[in-house]
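Below is one structure. I have some questions about it.
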Amino acid sequence: MSNASANPKYLWSDGNLVEWEKAIVHITDLEWVGTSSVFEGIKTYRNPEDDRSYIFRLEDHMRRFDDSMRLMGMKPKWNAQQLTEEVLKLTRANGVKDDQYIRPFAYLDHGSATELDRSSHILITNKPFKSTLKTGRVTSAAISSWTRISDNVMPPRVKAEANYRNSQLAFSEARRNGYDEAILLNDRHTVAEGAWACVMIVKRGRVITPPVTAGVLESITRYAMLQMFEEQLGTKCEEREIDRTELYLADEMFLCGTGYEVTPVTSVDRFTVGDGQIGPLTARMIDLYHDVVRGLDAPYDAWRMAI
Ligand code: PMP
């Protein structure tokens, strides 16, 4: 059971702000929901200077949500722009002022999709979330024995709930074997991504990350980082296939994503990455990303939406 006092006052359900405890569905709606439901993960960050909270790249997340819904055969009743407005309505109604995770979720009316343009329901919730930026956190990773799902099996480029069974298998294997994180290889045996985040390495001053055709979610943070590395840190970036052993021999490595933010990886399969500390470019990106998401005298105004 959820702890009622920890929940915000409202959630958003099919166009209405509904009191958290009053949002219920019939138990039979659970039957096939997991098969074709899709979601988003979005973050808000508090700016301590003006005491407001900012949503990071909300419009981009809602555009990907729309892509996810359409690929799963749903016909959304709200377009990405309307849903952007609805997220603002919800977070304002809940008086969000701190760091939060916003989770839009869509599921088909009656189970799984066997045809296109099926009607669906949309739910949007927000919950507090603790940032790990600038906490000094480092992680160990292992190459998973599980293969990343591929575009012709279960397209990983959209955020379908069912895709996360693949992530769970890899992540729990890594944890059972004493590692913090899993790195999945794709069906071509090159690096795809982490269970819940993208992979980037630094080698001889260049940032390298797998292309969007390598079996990865089309990550919004990934695009943002590539742009920031080039424009703000003057670093050349390459989007290309990465071999497993390139991770072992990388100078720096980190995972990135909405939830993972910038999470340094200091060993892979017990090979020490670089000198086993947070690398210098990774450290600069942690600082920059921290300031950008909070809007602390940082560029990219258009990426933040004030609540
Ligand atoms: N890959 C996977 C499998 C993820 O779950 C996430 C988190 N959404 C990411 C990458 C990063 O995507 P984003 O930057 O859009 O959060």
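What's the center-to-center distance, using Cα atoms, between the range 222-270 and the range 26-66 in Å?
24 Å
Can you give me the angle between helix 80-93 and the longest principal axis of the chain, using Cα atoms only, in degrees from 0 to 90, rounded to the nearest 10?
The helix 80-93 is inclined about 80 degrees to the chain.
To test your reading of the geometry: what angle, between 0 and 90 degrees and rounded to tens, separates the Cα axis of helix 164-176 from the longest principal axis of the chain?
Once rounded, one gets 50 degrees.
What is the packing order of peptides 21-29, 280-288, 62-70, 236-244, taking the mean over residues of other C-beta atoms within 10 Å and listing the highest first?
Result, highest mean Cβ count within 10 Å first: 62-70, 280-288, 236-244, 21-29.
Given charges of +1 on the Cβ of Lys and Arg and -1 on the Cβ of Asp and Glu, with all other atoms neutral, how large is the dipole of the chain about its Cα centre, in debye to the nearest 20?
Once rounded to the nearest 20, the dipole reads 320 debye.
I've got another one for you. Measuring from label point to label point, each 7 Å out along Cα→Cβ, what is the Gln168 to Lys203 span in nm?
3.5 nm
Could you give the dipole magnitude of the range 1-115 about its Cα centre, charging the beta-carbon of Lys and Arg +1 and that of Asp and Glu -1, in debye to the nearest 20?
Numbers: 15 positive and 19 negative charges, 31 e Å.
Value, rounded to 20: 140 debye.
Here is a follow-up. List the lysines whose Cα sits under 22 Å from the Cα of Lys97, skipping any in the same chain fewer than 8 residues away.
Lys9, Lys43, Lys89, Lys127, Lys130, Lys134
Let me have the 222 nm mean residue ellipticity of the chain computed from DSSP H runs of 4+ only, each contributing -39500 (n - 2.57), with the sum over all residues rounded to the nearest 500. Intermediate results must be reported in sequence, preceding the final value.
Details: 7 runs with 77 residues, N = 307.
Calculated from helices alone, the mean residue ellipticity at 222 nm is -7500 deg cm²/dmol.
Using a basic spin-label model with each label point 7 Å from the Cα along Cα→Cβ, how many nm lie between Lys9 and Ile24?
2.3 nm
Any read-out appearing in this document is the output of simple, stated calculations on the displayed coordinates, not a laboratory observation. Since we're looking at a predicted model, the values are computed, not measured. Heads up, the Cβs are rebuilt from the backbone with ideal geometry, glycines too, and the neighbour counts pull from every protein chain shown.
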